[in-house]
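A short worksheet on the structure shown next.
The values are calculated or read from the model by the stated rules, or taken from the named source; none is laboratory data. Fair warning: this is a prediction, and the values are worked out from it, not measured in the lab. Counting neighbours? That spans all protein chains shown, and the Cβs are built from the backbone with ideal geometry, glycine included.
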Amino acid sequence: MHSLKINQQPCSLSEIRSYLVHGYVYPLLENLITINNTYMKTMTCRELGGPCDQELSASSWNEMVEKMTKHVMENHPETAKEMEKMHNEDPQKWGREMKPKWDAAPEL
């Protein structure tokens, strides 16, 4: 389980979202949100080539690949079949297309 913090105080993901929704960007930038002292990136399933807008968060590219794979297999079986076919044809294709998006995503 990750420990979420704002201003070094424990908080929930909903509290972090509330900060973002209500425009408290400056405190977040000034104090940084840390999760176990690791910066996180959040992307949607759609941004990663999937069909929905479910947000997925991870602290590394490899963790994001694992989360996206699990999400697609559990929630989008047809997309999982398409991705498996793409992987069998060119195992590196998805990574070549999606890794630059991961690299460009902001860290929280």
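Brief remarks follow.
- Counted as qualifying within segment 46-108 are the helices (runs of 4 or more DSSP H) with 1 or more residues that are among the small types (Gly, Ala, Ser), namely 77-89, 93-104.
- Figure legend. Inter-residue proximity from segment 74-89: first residues assigned by TED's automatic domain parsing to the domain that holds Arg46, second residues in a helix (DSSP H, G or I) and hydrophobic (A, V, I, L, M, F, W, C), beta-carbon distance below 7 Å, spacing 6+ or different chains. Indicated pairs: Thr79/Val72; Ala80/Val72; Ala80/Met73; Met83/Val72; Met83/Trp94; Met86/Trp94; His87/Trp94.
- Screening Asn88, Asn37, Asn75, Asn62 for residues that are at pLDDT below 90 and among the polar types (S, T, N, Q) leaves exactly one candidate, Asn37.
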